[in-house]
Amino acid sequence: MRCLRNPAAYITCVAVAVLLCMFPASAKGSKEPAPVVEPSQPEEPVIIKVVEKTQTSFFYGINESVLADVYTGSPESLNRAAASMRKASVDYSDPEKVLLYVAAEIMKIAWPTETVSWEVPLPPSDNAYVGAVSSARKGIYDSSTGNSDFLTLTLPSLVLLLNLSRDDYYAEAEQSLSLAMTMRPDSVLAAYLAGTLYRRMGQPQKAFECYKVAAESAPGCMQASYALAECLRDKGEYGRAFSLVEPFTAKYPGNISLLKLCAETSFAMGNFSVAELYVARVLQQNPSDSGYVLFRARILVEEGEFIKAASLLDVYARTDSESKGYLLLRARIQRDWNKNLRGAVETMSQAVSKYADDENVILFAAELASASGEKIEGKSAGELAALVLEKNPDSEKARMITVADLVNNKKWNEAYAVNSKLMRAAGASAESRYTQIKICLALGRTDEAWNLAAEQYEKSPSDEQAVQAYLEVLFATGRLAESQDLINRLLPSANSRMKSFLYYRKSYLSKNEQTVLADLRSSLIANPRNSDALYRLYTIYFEKKDYRKAQYYLKQVVALNPNNEEYLRKNAELEKLL
């Protein structure tokens, strides 16, 4: 019985028995002559078939299919193994007690959302398998198991799921789990533990490959699918991650981790309505989760529900009014809803002073500085974008802000050089193309502007930005008849914003002053906040020396662009003239 409680000793006993069978003791003292071997019939080599009991010696009397199910280690296979062994408790042998105990512990530790549905008889305490599990529960990687079979290789690594602080055993665990997966390539447990180990070791690709084996081998196992979905999320494959875990939310409706992963991946895909549903389910179970209160406010901002978002921000601010997420959302609401650029700049000044090394904070501050023309923490939009580019030279957004800052300052040649690099990058955005058209027109590169605008319009003839750029280039290249035809064709079905732009462009096609003024007034009727139309009216009346009317329109332009230095300077000059 001592051998049964020590797998390594048992293996030695079996090996000795096999050798004694092959070389019996009687051969040593036998005086009988050795048998004559016929030279014409050479003796066949003796092939010893080793039955695969070196892995399962302690469990010798247990059916191989039951052992295979425990080694697979999925919730389904563990339940099946336990059902196959079920009998009256008094009838369990020590190996059966140990195997049922091990199966139950694997279920509790690796798959905590599942329940142990079988009776677990008390196993012998002086047993390597029981000791490995007991050590793991104490946060210890048990290296004294002898690594004599699949379970002694695998069970010590259960500590990965129980103790997140220690890492002094990773090299040994990696070696043992690699050997275990070689023995049992279909083991869900070994692959899952290896994936967890590699993730803890900072090797995401290896973790992904192991979790993939586990999830595909046990598609009904929530933990394996969840772990794989986390890897997919980290790789930016949000759709695959969502589709992998979303079906489990019906079976585990109260699992917060599942709900949060569904919320985050659907948000990352831009599916804000679905994300809000999952966030609401999280908050129903845990209303005090301030992080998800803020997350819901973020979703509402993306959906344009600014009033609801502002209310949630007020609730969040009672506990934390200085977090990075709060300050970014508050500044967005001030900029996009309140149209309070000054307030947004003050908020972002606070954010930059607290989170000077955060790329998202610096980028949004740069974007805001570009739109407002103000400095934030003493830095212009271009200087803020440069901070990002120092650490991340490939940041497309930082380059775009740099270009916008150069355009605002009419540094056309520098803007052309930087934006041309953006244009050459793979998958250049449509925004950079439209910016290039504007720069080319300012530099007199009309052929390049024409090629870009015609290409964009051909691709997206119903896109407002493409139409506007195309009309700008038609006018700049002297294609006035084509401009007139396109405007006439688009006006009847245009929305108010587009109609305002079309009338503004149409005002340049007539030399009759009354017609020009009528077109500009029609532009403002469609959109009273059209700065271009207002500014053109200012220039017309200024040239006519009608300074009162010129001032009337310029003041509206300044109100819409309160930080534009050029407009402020012209307004000051006009005040002197009056």
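The values are calculated or read from the model by the stated rules, or taken from the named source; none is laboratory data. As the structure is a prediction and not an experimental result, all values here were calculated from the model. Every residue, glycine as well, gets a Cβ built from its backbone with ideal geometry; the counts of neighbours run over all protein chains shown. Keep in mind that these areas ignore ligands, DNA and RNA; they rest on the heavy atoms of the full protein, side chains included. Shrake-Rupley method; radii C 1.70, N 1.55, O 1.52, S 1.80 Å.
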When segment 310-331 is checked residue by residue, the ones that are touching a Phe, Trp or Tyr at 6+ places or on another chain (Cβ under 9 Å), crowded, with 18+ Cβ neighbours inside 10 Å and closer than 16 Å to Pro287 by Cα are Leu313, Tyr316
Of all residues in segment 140-169, count the ones that are open to solvent by 70 Å² or more (accessible area, probe 1.4 Å) and acidic (Asp, Glu).
-> 2
Within the group Leu158, Leu151, Leu179, which residue is outside any loop (DSSP other than H, G, I, E, B), closer than 19 Å to Phe59 by Cβ, aliphatic (A, V, I, L, M) and without any contact (Cβ under 8 Å) to a residue 40 or more places away in the chain?
-> Leu179
Over segment 198-223, the set of residues of a type in the set (A, V, I, L, M, F, W, C) and open to solvent by less than 50 Å² (accessible area, probe 1.4 Å) is Ala207, Phe208, Cys210, Ala214, Ala215, Ala218, Cys221, Met222
Screening Lys421, Lys411, Lys391 for residues that are over 29 Å from the mean Cα position of the chain (by Cα) and surrounded by fewer than 18 Cβ atoms within 10 Å (Cβ to Cβ) leaves only Lys411
Could you list, in sequence order, the residues of segment 520-530 that are surrounded by fewer than 17 Cβ atoms within 10 Å (Cβ to Cβ) and either touching a residue at least 40 places away in the same chain (Cβ under 8 Å) or farther than 10 Å from Tyr504 by Cα (or both)?
-> Ile525, Pro528, Arg529
What about Thr402, is it β-branched (Val, Ile, Thr), modelled with pLDDT under 95, open to solvent by 60 Å² or more (accessible area, probe 1.4 Å) and farther than 21 Å from Leu568 by Cβ?
-> no
Mind listing whichever residues of segment 170-197 are open to solvent by 10 Å² or more (accessible area, probe 1.4 Å) and out of contact with any Leu (no Cβ under 8 Å at 6 or more places or on another chain)?
-> Ala171, Glu172, Gln175, Ser178, Met181, Thr182, Arg184, Pro185, Asp186, Tyr192
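The rows are residues; the columns are (1) part of a helix (DSSP H, G or I); (2) at pLDDT 95 or above; (3) within 21 Å of the chain's Cα centre (by Cα); (4) of a type in the set (D, E, K, R).
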{"residue": "Thr196", "(1), (2), (3), (4)": "yes, yes, yes, no"}
{"residue": "Gly202", "(1), (2), (3), (4)": "no, yes, yes, no"}
{"residue": "Cys210", "(1), (2), (3), (4)": "yes, yes, yes, no"}
{"residue": "Val213", "(1), (2), (3), (4)": "yes, yes, no, no"}
{"residue": "Ala227", "(1), (2), (3), (4)": "yes, yes, yes, no"}
{"residue": "Cys231", "(1), (2), (3), (4)": "yes, yes, yes, no"}
Inside segment 275-287, can you point out the residues that are within 21 Å of the chain's Cα centre (by Cα) and surrounded by fewer than 18 Cβ atoms within 10 Å (Cβ to Cβ)?
-> Leu277, Ala280
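Matching residues to (1) among the hydrophobic types (A, V, I, L, M, F, W, C); (2) touching a Pro at 6+ places or on another chain (Cβ under 9 Å); (3) over 19 Å from Met201 (Cα atoms):
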site	(1), (2), (3)
Ala132	yes, yes, yes
Tyr141	no, yes, no
Thr145	no, yes, yes
Phe150	yes, no, yes
Leu158	yes, no, no
Asn163	no, no, no
Asp167	no, no, no
Ala171	yes, no, no
Ser176	no, yes, no
Do we have any residue at all in segment 537-546 that's of a type in the set (Ser, Thr, Tyr), open to solvent by 70 Å² or more (accessible area, probe 1.4 Å) and free of Cβ contacts under 8 Å to residues at least 12 places away in the same chain?
-> no
Subset tally (residues that are open to solvent by 10 Å² or more (accessible area, probe 1.4 Å) and assigned to a helix (DSSP H, G or I)) for segment 86-104 | 8
Within segment 356-379, can one find any residue that is among the basic types (Lys, Arg), over 28 Å from Leu452 (Cβ atoms) and out of contact with any Cys (no Cβ under 6 Å at 6 or more places or on another chain)?
-> yes
Does Asp167 fit the bill of being among the charged types (D, E, K, R) and touching a residue at least 40 places away in the same chain (Cβ under 8 Å)?
-> no
Taking the condition open to solvent by less than 50 Å² (accessible area, probe 1.4 Å), of a type in the set (Val, Ile, Thr) and in contact with a Cys (Cβ under 8 Å, 6 or more places away or on another chain), does Thr435 pass?
-> no
Mind checking whether some residue in segment 338-350 is of a type in the set (A, V, I, L, M) and over 26 Å from Ile299 (Cα atoms)?
-> no
Residue check, Arg137 against (1) within 25 Å of Gln203 (Cβ to Cβ); (2) open to solvent by 50 Å² or more (accessible area, probe 1.4 Å), all met but one. Which one?
-> (1)
Among the residues of segment 374-408, write down those that are out of contact with any Leu (no Cβ under 9 Å at 6 or more places or on another chain), in contact (Cβ under 8 Å) with a residue 12 or more places away in the chain and part of a loop (DSSP other than H, G, I, E, B).
-> Ser380, Asn392
Near pairs, Cβ below 7 angstrom, 6+ apart or cross-chain, from segment 222-234 (more than 15 Å from Ala191 (Cβ to Cβ)) to any residue that is part of a helix (DSSP H, G or I) and small (Gly, Ala, Ser) | Ala229/Ala241; Leu232/Ala241; Arg233/Ala241
Per the filter on segment 224-245, residues open to solvent by 40 Å² or more (accessible area, probe 1.4 Å) and of a type in the set (S, T, N, Q) are Ser243
Identity of the residue in segment 341-370, at pLDDT below 90 and in contact with a helix residue (DSSP H, G or I) (Cβ under 7 Å, 6 or more places away or on another chain), that ends up least open to solvent (accessible area, probe 1.4 Å) | Ser370
Criterion: open to solvent by 50 Å² or more (accessible area, probe 1.4 Å), touching a residue at least 24 places away in the same chain (Cβ under 8 Å) and more than 21 Å from Leu560 (Cα to Cα) - qualifying residue of Tyr503, Tyr508 = Tyr508
Got at least one residue in segment 120-143 being part of a loop (DSSP other than H, G, I, E, B), more than 30 Å from the chain's Cα centre (by Cα) and under 17 Å from Ala83 (Cα atoms)?
-> yes
Qualifying residue in segment 465-487 (condition: among the polar types (S, T, N, Q), open to solvent by less than 30 Å² (accessible area, probe 1.4 Å) and modelled with pLDDT under 95) | yes
